[in-house]
Every structure is written in structure tokens, then in C-alpha cells.
Amino acid sequence: MREISVTRHLPRWLAGAALAVLINPLALATPTAQEIVERANQASYYAGRDGRSEARMRIEDNRGQTQTRQFTVLRRNVDQQRQQYLVVFSRPSEYRDTAFLVEKNPAAEDDRWLYLPAMDLVRRIAPGDKRTSFVGAHLFYEDISGRHLDDDTHELIETTEQHYLIRSTPKDPRSVEFAFFTTWIDREHHLPLRVEYTNAAGEVYRRMESSGVEVIDGYPTPTVMRVQDLASGGQTIVQFRGISYDLDLPANVFTERSLRHPPSQWLERR
């Protein structure tokens, strides 16, 4: 009987991969929880060297009353871990020129500053305030630049055809209001598409969802975010547009001077 080669008709690179699997079945093993959350963190917050997006935010309370905010987000990767963010508001008029600056450093506490133009005041946001409301929305200050991976212990609790389910438990329970949170991470793009926060009583009280994924400048990017406060019934929906990556934003954009004098040449759509 003629012997058939499983790799004869495959491209060279694919044949090599097939042989690797035949020799070592563990080549297709599920990644660890730490590997999954690291990939998700990179996909969510570190796409490209830098980035820009415009956001329209609608805040709804449990009575159906709404407020809107519009702002532009600039982001720059300093290296593979450290980042800088600048958020500048344009609407409504009472929030115009309000600005938020973040120096993200996973090796230490992030530095955050908020500029209030009505008082011409730059206020430093204390580490203990990072999980408080961001300009009256259901987002927290920490949600803008992301939570440090090392602040939690991560466990892979389920793998489905579409998602990895990760349970993350805080290493310092006294520093947060949740007992743990569960994240649904898309297996194709590594994007976290749903996060649910559970309190000490075992109740899910907060949910964040990302949707409308588009490939922009080569990077899969969610264009809609929804944050629900399941305890109060309120929610915030953020729609992103004018998204672009790899703009080569200069470091001097992310300074205290930009809080009072926003860099208009970078805030405008290019």
C-alpha cells in the first residue's frame, strides 16, 4: 500500500506546524490564564504605538434622564508597559476644556490629574479615588487606562468556541468594592467583550460590554462600550469614532501644560 504523507501538499510553514503538533500534541494546549489576560490587555490598551479617538458618551439614570459628554482621547505607549493618556472634553459647555491626564506605570500606582477650567485648578486624583465616577458617568477613572494585571489573581474557569472566561480576584480586597470579576475574552481577537463584577454577597452588580468591533489601521477595535450599574439601574454608553493609530504623538503632548493648553493640532481629526 502506498504511504501517504500528511504534509506533502501543505505550504512549508503549515507543514512545519502540522509536524510540530504530531510530535508534540501540547502545541495546541490552551494558554494559561496569565497568558490570556496579557494578550487581552495588549489588544485592549496597547494597539499600535499610540492612538486617538473621539467619544460621545450618554449617561442614563434609572428614571430615563440622560446627559451627554463629548471628548477626545490621546494615548501614547512609552514602552511595553508604561503609557500616557490625555482626555480633553469639548461638550457640553460646562465641561468644555476639562482635561484628564494619566501616567500609567504598572510597577507603581498610576499618576492621574484632572483640570477644572472653571476654577483653573489642576487636581491630583488620589490612588484611592481611581474606582470612583469619571465625570458623573458609570465609568471609573481606572476604566480609562485599565486595571493593572498584577493587582489580581487570574483563573481560567471555562473555554468555549468563542471565548475564554477568566475570573480575577483582587490581591488586596480592601482596595476595591468587588469580590472578583469575570471576563469574556474573544478567542479570535483577544479582546475582552464582557466584564461582570461580583460583590461579597455573590451578586453581579456591574457589567461592562464592548461591541461593534472593526479592524482599523490593522487593529481590531471595539467602537461601542456599555457600562451598566445593575444595582441602581443606570448605564453609560460610549460610542467611538475618528479612531486612528500610529500617529507618532510627541511626548510633550502628555504634560501638565496640555491640561491648561490642549494640543489642538492633535485633538482635531487628521
Task: Residue-count net charge about HIS154 - beta-carbon cut-off 14 Å; Lys, Arg +1, Asp, Glu -1 - done: -3
Open item on the list: For a Förster distance of 22 Å, can you work out the FRET efficiency between the beta-carbons of GLU94 and GLU256, rounded to the nearest 0.05?
Closed with: 0.45
- [ ] With a probe of 1.4 Å, find how much accessible area the chain has per residue, and write the answer as a whole number in Å².
- [x] 56
- [ ] Rank by packing, highest mean first: peptides 222-230, 169-177, with packing defined as the count of other Cβ atoms within 10 Å averaged across residues.
- [x] 222-230, 169-177
Open item on the list: When only alpha-carbon atoms are used, what values of Rg and Dmax, in angstrom, describe segment 145-261?
Closed with: 16.9, 48
Open item on the list: Averaging the inverse of every distinct alpha carbon separation and then flipping it gives the Kirkwood radius. What is it for the chain, in angstrom units?
Closed with: 20.5
Task: ILE166 accessible area, assembled protein chains, probe 1.4 Å, Å² - done: 0
TODO: Take each of the peptides 147-153, 182-188, average the number of other beta-carbon atoms within 10 Å over its residues, and list them starting from the highest.
DONE: 182-188, 147-153
- [ ] Sum up the charges of everything whose Cβ sits under 12 Å from the Cβ of MET208, counting Lys and Arg as +1 and Asp and Glu as -1, but leave MET208 out.
- [x] 0
- [ ] Take the alpha-carbon centre of segment 103-150, take the same for segment 180-251, and report the distance between them in whole Å.
- [x] 18
TODO: Could you go through segment 131-148 in sequence order and give the Karplus-derived ³J(HN,Hα) for each residue, using 6.51 cos²θ - 1.76 cosθ + 1.60 with θ = phi - 60°, rounded to whole Hz, and x for Gly and Pro?
DONE: 10, 10, 4, 8, 6, x, 8, 7, 7, 9, 3, 5, 5, 5, 9, x, 8, 5
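The values are calculated or read from the model by the stated rules, or taken from the named source; none is laboratory data. Fair warning: this is a prediction, and the values are worked out from it, not measured in the lab. Positions of Cβ are generated from backbone atoms using ideal geometry, with glycine treated the same way; all protein chains shown enter the neighbour counts. For accessibility, only protein heavy atoms count, side chains too; no ligands or nucleic acids. Shrake-Rupley method; radii C 1.70, N 1.55, O 1.52, S 1.80 Å.
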